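To start, the structure itself, in structure tokens.
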Amino acid sequence: MPLSPTAKAQLQIHFCVLLWGFTAILGKMITLPALPLVWWRMLLVVATLAVLPSVWRGLRAMPARTLLAYSGIGALVALHWLTFYGAVKLANASVAATCIALAPAFTSVVEPWLTRRPFSMRELAFGLAVLPGVALVVGGVPHGMRMGIAIGALSALLVALFGSLNKRMVDGGDPLTITAVELGAGTLLLTLLAPLMPMLFPAFSGDLLLVPSLRDALLLLALSLLCTLLPFALSLVALRHLSAYGVQLVTNLEPVYAIVLAMVLLGEQRELTPLFYLGVAIILAAVFLHPLLNRNKPLQHAEILATSEAKRVE
């Protein structure tokens with residue numbers, strides 16, 4: 001019996017979220033430092049998009065002011081990925097994925113300010129509800145991983161910033177063109193930062209011109225094509241048939257997938273205490289509560305999920 005469009009879309013979005021869950025795992029498996037890892041990821045995606053004629057048509061049609069705005073957002077995307085993979089390197093994949101689960105809490109404060117809508121006390125309360133979980137997560141990791149938590153929290157704040165800005169700019173162009181502009185600008189920013197990184201943050205720095213090993217090259221291709229462009233394309237199709245509630249509920253599973261994958265593939269449960277997983281449970285409970293409170297909200301601006309990786313669609 002053939003699947004209905006909605007059922008097929010649900011399977012597609014689950015598959016997308018599973019692929020996003022692999023990004024932290026691949027970041028841990030790739031031996032490159034955070035800066036060259038992110039630089040190669042962005043460069044490979046931009047190079048792939050550059051062969052599409054539709055991207056160039058969209059670029060020619062984009063006003064200069066809009067192009068500049070998306071370039072600024074792309075700089076935030078680059079810094080988000082840099083800090084996310086920095087958290088993976090400084091701690092582990094489970095810790096980094098848990099920190100990204102804080103993004104909706106930051107968004108509840110940042111988005112009203114950036115999109116000029118009224119603050120919601122309910123959303124603010126939801127944001128504060130994750131704090132006990134954060135305290136348990138900090139107490140449940142070895143002392144040496146706590147810098148990774150701080151960097152991961154900064155990464156989640158950057159998600160809230162560029163996700164909210166993307167929502168404000170959602171009608172500015174074709175999603176593929178927007179992605180190419182943002183990641184192209186991000187690649188340029190990282191290229192300019194590379195000489196300064198040993199002084200700014202030595203733990204992230206690395207030689208951009210050093211050719212990755214065959215193993216790292218294959219993992220980078222998987223990260224760029226299978227975990228970035230493939231879910232991008234699938235999610236654009238799937239989101240046409242899903243509600244905001246359904247999308248949010250599924251995409252909130254990303255840290256769950258990442259943590260389970262980290263346990264199975266990397267054995268990270270041996271590095272973390274039960275307090276960490278109790279904190280994760282509290283954070284995820286708060287994150288899953290948000291779409292339940294907005295169950296009847298219609299889906300708008302579906303392309304944001306694919307272009308911003310903010311994992312929050314309204």
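The values are calculated or read from the model by the stated rules, or taken from the named source; none is laboratory data. All of these numbers come straight from a predicted model, not from anything done at the bench. Note that we place each Cβ from the backbone using ideal geometry, even for glycine, and neighbour counts take in every protein chain shown. Keep in mind that these areas ignore ligands, DNA and RNA; they rest on the heavy atoms of the full protein, side chains included. Shrake-Rupley method; radii C 1.70, N 1.55, O 1.52, S 1.80 Å.
Please name all residue pairs, on different chains or six or more residues apart, with Cβ atoms under 9 Å, provided the first residue is in the stretch 124-135 and is within 16 Å of Ile100 (Cβ to Cβ) and the second residue is surrounded by 14 or more Cβ atoms within 10 Å (Cβ to Cβ) and of a type in the set (Phe, Trp, Tyr).
Gly127/Phe106
Tell me, yes or no, whether the stretch 294-308 has at least one residue that is at pLDDT 70 or above, farther than 16 Å from Thr179 by Cα and open to solvent by less than 50 Å² (accessible area, probe 1.4 Å). Spell out how you get there, then give the answer.
If we filter the stretch 294-308 for residues that are at pLDDT 70 or above, which is where we start, we get none.
Among the residues of the stretch 294-308, not one is at pLDDT 70 or above, farther than 16 Å from Thr179 by Cα and open to solvent by less than 50 Å² (accessible area, probe 1.4 Å), which makes the answer no.
Of Leu220, Leu225, Leu210, Leu230, which residue is within 18 Å of the chain's Cα centre (by Cα), of a type in the set (A, V, I, L, M, F, W, C) and over 26 Å from Val250 (Cβ atoms)?
Numbers: Leu225 fails: over 26 Å from Val250 (Cβ atoms); Leu210 fails: within 18 Å of the chain's Cα centre (by Cα); Leu230 fails: over 26 Å from Val250 (Cβ atoms).
Residue meeting the stated conditions: Leu220.
Find the residue count for the stretch 99-115, including only residues that are assigned to a helix (DSSP H, G or I) and under 14 Å from His80 (Cβ atoms). Talk me through it step by step, then tell me what you get.
Restricting attention to the stretch 99-115, the residues satisfying the condition of being assigned to a helix (DSSP H, G or I) are 99-100, 103-115.
Add one more test, that the residue is under 14 Å from His80 (Cβ atoms), and what stays is 99-100, 103, 106-107, 110.
Selection size over the stretch 99-115: 6.
Return only the number of the condition from (1) at pLDDT below 90; (2) more than 28 Å from Glu123 (Cα to Cα) that Leu68 does not satisfy.
Going through the list (1) at pLDDT below 90; (2) more than 28 Å from Glu123 (Cα to Cα), Leu68 breaks only (1).
So if I check each of Phe119, Phe126, Phe84, which one is surrounded by 20 or more Cβ atoms within 10 Å (Cβ to Cβ) and hydrophobic (A, V, I, L, M, F, W, C)? Give the steps one after another, and end with the answer.
On the way: Phe119 fails: surrounded by 20 or more Cβ atoms within 10 Å (Cβ to Cβ); Phe126 fails: surrounded by 20 or more Cβ atoms within 10 Å (Cβ to Cβ).
Within the list Phe119, Phe126, Phe84, the selection yields Phe84.
Here is a list of conditions, (1) part of a helix (DSSP H, G or I); (2) within 23 Å of Leu261 (Cβ to Cβ), and Ala78 meets all of them except one; can you say which number that is?
(2)
Identify the residue in the stretch 86-105 that is under 17 Å from Thr251 (Cβ atoms) and among the β-branched types (Val, Ile, Thr) and, among all such residues, is modelled with the lowest pLDDT.
Ile100
Provide a single number: the residues in the stretch 10-51 that are of a type in the set (Phe, Trp, Tyr), open to solvent by 50 Å² or more (accessible area, probe 1.4 Å) and more than 22 Å from Leu193 (Cβ to Cβ). Give the steps one after another, and end with the answer.
Step one: filter the stretch 10-51 for residues of a type in the set (Phe, Trp, Tyr), giving 15, 20, 22, 39-40.
Restricting the remaining residues to those that are open to solvent by 50 Å² or more (accessible area, probe 1.4 Å) gives 15, 22, 40.
From what is left, the residues that are more than 22 Å from Leu193 (Cβ to Cβ) are 15, 22.
So the answer is 2.
Can you go through Leu188, Leu192, Leu214 and tell me which one is within 20 Å of Leu59 (Cβ to Cβ), of a type in the set (A, V, I, L, M) and open to solvent by 70 Å² or more (accessible area, probe 1.4 Å)? Working first, answer last.
Working: Leu192 fails: within 20 Å of Leu59 (Cβ to Cβ); Leu214 fails: within 20 Å of Leu59 (Cβ to Cβ).
That would be Leu188, the only listed residue that is within 20 Å of Leu59 (Cβ to Cβ), of a type in the set (A, V, I, L, M) and open to solvent by 70 Å² or more (accessible area, probe 1.4 Å).
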